[in-house]
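As structure tokens, the structure follows; a few thoughts come after it.
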Amino acid sequence: MKKLQLLCIGLLSVSTIYGQDISDALRYSQDNIQGTARFRALSGAFGALGGDMSAVSINPAGSAVFSQSHASFSVGNAELNNDTRYFNGTGSTNDSNFDLTQGGASFVFKNTSSSPWRKFTVGVAYDRTNNFDDSWFAVGTNTNSEVLVDNNNFFIAPGNSIGAYFAEYANGLRLDEISAFPNETLDQAYQNIGTDLGFVHQQAFLGYESFILEPEVNSDDNTSYIANMEQGNFNHDYTYRSTGYNGKIAVNLAAQYGDNLYLGVNLNSHFIDYDRSTLLFESNNNVGSIVSDVEFENNLSTRGSGFSFQLGGILKLTNEFRVGLTYDSPTWYTIEEETSQF
């Protein structure tokens with residue numbers, strides 16, 4: 001269960017509109033404790049135990065502990081509650097879903113000869129390593145108001161409005177860098193500006209071409225902008241939703257040597273499936289505002305695949321005490337992202 005307490009957010013969209021940063025790396029590299037009921041009950045502390053399909057993802061030698069072939073599948077229910085407070089408004093969401101968190105099989109081949117290699121195992125294991133499903137919304141009337149002034153360039157925008165977001169990006173940029181050419185469609189201009197000049201210019205372009213921003217002087221070298229909203233109260237309705245998961249499929253080979261030593265290797269195929277959407281509705285009835293309603297939507301879609309390997313061993317010192325050791329290689333990812341804004 002999660003609980004979000006949004007006590008005071010100056011502008012909701014600013015925190016969610018960004019280029020790639022450290023949060024992306026954390027999102028795709030962190031693992032949650034998923035898997036079999038036994039594995040989760042022990043909080044994943046299976047590095048030296050083995051004998052469980054989820055333990056194979058921790059230490060590949062764990063499959064050699066099986067005395068006979070084994071298969072298992074596990075489903076889990078995730079329940080997520082989010083509560084928000086934004087100025088005079090409150091919101092509450094509740095989501096619940098069932099997912100396959102683990103599945104796999106390990107086949108044990110016992111050696112009947114006098115060799116010290118007692119048995120070999122071959123298996124495949126699937127683990128859902130992270131769940132990205134999340135949703136929440138916040139509504140309320142933002143009553144803060146301020147005039148924004150930069151030392152080098154002047155611009156004015158109500159600080160509690162989406163207009164301030166676009167004005168901060170546009171301030172200091174030439175008008176001909178954030179507007180479409182006569183022979184360009186808006187879609188073409190948005191893409192060309194992003195390719196040639198980058199994300200900052202794209203955001204300024206959105207503000208200008210949607211008539212939220214007005215240049216102080218209608219010339220190519222203008223660098224000062226005014227938002228077409230007057231100071232006052234702004235009604236905000238903001239929705240966040242994300243879906244997807246990280247997963248790993250491991251091809252496992254393991255063996256038992258003598259009575260006390262287990263060795264194994266995993267060849268892992270990783271995959272990423274992540275979608276995020278944010279939507280802000282803003283409205284105002286402030287006297288003198290030219291723009292009274294704004295809808296701002298941002299979407300991100302990420303798909304990725306990767307490879308890693310693991311080497312592991314388990315040494316049984318006594319019947320009651322075992323030592324496990326695992327080497328995890330880096331994960332080499334190929335990730336493709338697609339973003340859209342409206």
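List pairs: first in segment 320-342 and within 30 Å of Gly207 (Cα to Cα) and open to solvent by 90 Å² or more (accessible area, probe 1.4 Å), second among the charged types (D, E, K, R) and part of a strand (DSSP E or B), Cβ under 9 Å, 6+ apart or cross-chain?
Glu336/Arg303; Glu338/Arg303; Phe342/Glu295; Phe342/Glu297
Residue under question is Asp83, and the condition is that it be surrounded by fewer than 19 Cβ atoms within 10 Å (Cβ to Cβ) and modelled with pLDDT of 90 or more; does it hold?
In short, yes.
Looking only at segment 59-76, count how many residues are touching a residue at least 40 places away in the same chain (Cβ under 8 Å) and out of contact with any Leu (no Cβ under 9 Å at 6 or more places or on another chain).
Of the residues in segment 59-76, 3 are touching a residue at least 40 places away in the same chain (Cβ under 8 Å) and out of contact with any Leu (no Cβ under 9 Å at 6 or more places or on another chain).
Considering only helices (runs of 4 or more DSSP H) fully contained in segment 162-211, which possess at least 1 residues that are over 18 Å from Thr223 (Cβ atoms) and open to solvent by 20 Å² or more (accessible area, probe 1.4 Å)?
Per the criteria, 186-196, 199-209.
Which residue out of Ser113, Ser96 is open to solvent by 40 Å² or more (accessible area, probe 1.4 Å), more than 25 Å from Ile272 (Cβ to Cβ) and of a type in the set (Gly, Ala, Ser)?
Ser113
In segment 1-31, which residue that is modelled with pLDDT under 70 and of a type in the set (S, T, N, Q) is least open to solvent (accessible area, probe 1.4 Å)?
Residues of segment 1-31 that are modelled with pLDDT under 70, as a first pass: 1-22.
In the following step, the residues that additionally are of a type in the set (S, T, N, Q) were identified as 5, 13, 15-16, 20.
Numbers: Gln5: 93, Ser13: 2, Ser15: 85, Thr16: 23, Gln20: 140 Å².
Of everything passing the filter in segment 1-31, Ser13 is least open to solvent (accessible area, probe 1.4 Å).
If you take the residues of segment 237-283 that are touching a Gly at 6+ places or on another chain (Cβ under 6 Å) and crowded, with 21+ Cβ neighbours inside 10 Å, which of them is farthest from Gly123 (Cα to Cα)? Working first, answer last.
Within segment 237-283, the subset touching a Gly at 6+ places or on another chain (Cβ under 6 Å) is 252, 254, 263-264, 270-275.
Pick out the ones that are also crowded, with 21+ Cβ neighbours inside 10 Å and you get 252, 254, 264, 272, 274.
Working: Asn252: 5, Ala254: 9, Gly264: 11, Ile272: 23, Tyr274: 28 Å.
That would be Tyr274.
The values are calculated or read from the model by the stated rules, or taken from the named source; none is laboratory data. Because the structure is predicted, anything quoted here is derived from the model rather than measured. Methodologically, a virtual Cβ is constructed for each residue, glycine included, from the backbone with ideal geometry; neighbour enumeration extends over all protein chains shown. To get the accessible areas, we keep the full protein, side chains included, count just its heavy atoms, and leave off ligands, DNA and RNA. Shrake-Rupley method; radii C 1.70, N 1.55, O 1.52, S 1.80 Å.
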